[in-house]
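Reviewing the structure listed below.
The values are calculated or read from the model by the stated rules, or taken from the named source; none is laboratory data. This structure is a prediction, so every number in the text was calculated from the model and none was measured. Counting neighbours? That spans all protein chains shown, and the Cβs are built from the backbone with ideal geometry, glycine included. Keep in mind that these areas ignore ligands, DNA and RNA; they rest on the heavy atoms of the full protein, side chains included. Shrake-Rupley method; radii C 1.70, N 1.55, O 1.52, S 1.80 Å.
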Amino acid sequence: MEKDSYKTVAKASNEVLFKDRKSKFFGYVFPINTEDEVKPIITALKKKYHTANHVCYAWQLGTDTISYRANDDGEPNNSAGMPIYGQIQAFELTNVLVAVVRFFGGTKLGVGGLVQAYKTSAQLAIESASIAEKLIEVQLKIVFDYPEMDIVMRILKQHNVHILSQKLELNCELLVTVRRGAYEMIQKRFDELHKISISKIH
């Protein structure tokens with residue numbers, strides 16, 4: 001069965017600070033809907049912390065087809081971006097960007113220390129954010145003649161279907177959204193009524 005919900009963050013988190021041997025790591029989580037949103041956020045963080053040594057991050061987008069990226073920003077390979085990405089996966093989040101800003105404190109942490117520090121910073125940032133579950137919805141177009149109005153409305157009410165727009169004339173047209181898990185059942189109900197056509201928009 002297809003998933004009909006996903007977890008993301010409701011809004012950008014507050015800054016979270018983690019310290020290790022005088023290095024400071026500031027962690028952040030941001031909700032995003034497209035890859036284009038990543039660069040401006042990272043640029044803003046680099047501007048805000050213009051003396052920072054590294055701004056490392058990872059993001060994930062999508063529910064069915066997943067895309068992601070992890071960036072070490074000059075730290076040793078896979079010592080920053082991937083540990084951050086690991087926390088996005090551990091919390092089962094998507095449509096998020098997690099960034100960690102590092103100020104070097106003079107003591108090298110080694111790759112193992114870095115992995116741990118970036119992982120912990122990302123974890124603390126996500127834990128401080130408010131995680132929200134969002135529904136994956138399908139948009140449907142329902143076309144029918146006016147006499148069928150009562151039965152259409154009755155079915156929509158039974159399944160708590162949300163109406164986006166309606167054109168009610170002799171020939172009626174409704175745009176509705178339904179939770180993906182309920183879509184097939186509603187499609188089946190309407191398919192049994194021959195005078196009503198229903199089609200999926202996206």
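For Lys167, go through the aspartates and glutamates and keep the ones whose alpha-carbon is under 13 Å away, minus same-chain ones fewer than eight residues off.
Asp145
Quick one: angle between helix 38-48 and the longest Cα principal axis of the chain, in degrees between 0 and 90, rounded to 10, please.
Result, in degrees: 40.
As I understand it, the value is the acute angle between the Cα axis of helix 110-128 and the longest principal axis of the Cα atoms of the chain; what does it come to in degrees, rounded to 10?
Here the helix axis deviates by roughly 40 degrees.
Name the lysines eligible as straight-distance cross-link partners of Lys24: C-alpha to C-alpha under 20 Å, and not fewer than 8 places from it in the same chain.
Lys46, Lys47, Lys48, Lys108, Lys119
Keeping the other protein chains in place, figure out the carbon and sulfur percent of the accessible area of the chain, with a 1.4 Å probe.
Whole-percent figure for carbon plus sulfur exposure: 50.
Obtain the nm distance between the two label points defined at Ala10 and Lys108 by a simple spin-label model: each point lies 7 Å from its Cα along the Cα-to-C-beta direction.
4.5
Mind checking the angle between helix 149-158 and the chain's longest principal axis? C-alpha axes, 0 to 90 degrees, to the nearest 10.
In the chain, helix 149-158 runs at an angle near 40 degrees to the longest axis.
Would you look at the GNM of the chain, springs on alpha carbons closer than 10 Å, and say which of Ile151, Ile84, Ile136 moves the most?
Among Ile151, Ile84, Ile136, the largest mean-square fluctuation in the Gaussian network model of the chain belongs to Ile151.
What do you get for trypsin sites (Lys or Arg not before Pro) in segment 80-173 restricted to DSSP loop and a cutoff of at most 13 other Cβ within 10 Å of the site's Cβ?
Taking segment 80-173 and a limit of 13 other Cβ atoms within 10 Å, the loop trypsin sites (Lys or Arg not before Pro) found are Lys108.
With a point put 7 Å past each Cα toward its Cβ, work out how far Arg69 is from Lys47 in nm, to one decimal.
Roughly 1.9 nm, to one decimal.
Write down the accessible area per residue of segment 1-56 in Å², having rolled a 1.4 Å probe over the full set of protein chains.
For segment 1-56, the solvent-accessible area averages 64 Å² per residue.
Which value in nm describes the separation of the simple spin-label points at Leu175 and Ser199, placed 7 Å from the Cα toward the beta carbon?
1.4
Along the principal axes of its C-alpha atoms, what lengths does the chain span, in descending order and rounded to whole Å?
The Cα atoms of the chain stretch 78, 31, 24 Å along their principal axes.
Pairs of alpha-carbon atoms within less than 8 angstrom and 6+ residues apart define the contacts here; what relative contact order does segment 81-156 have, in percent?
35
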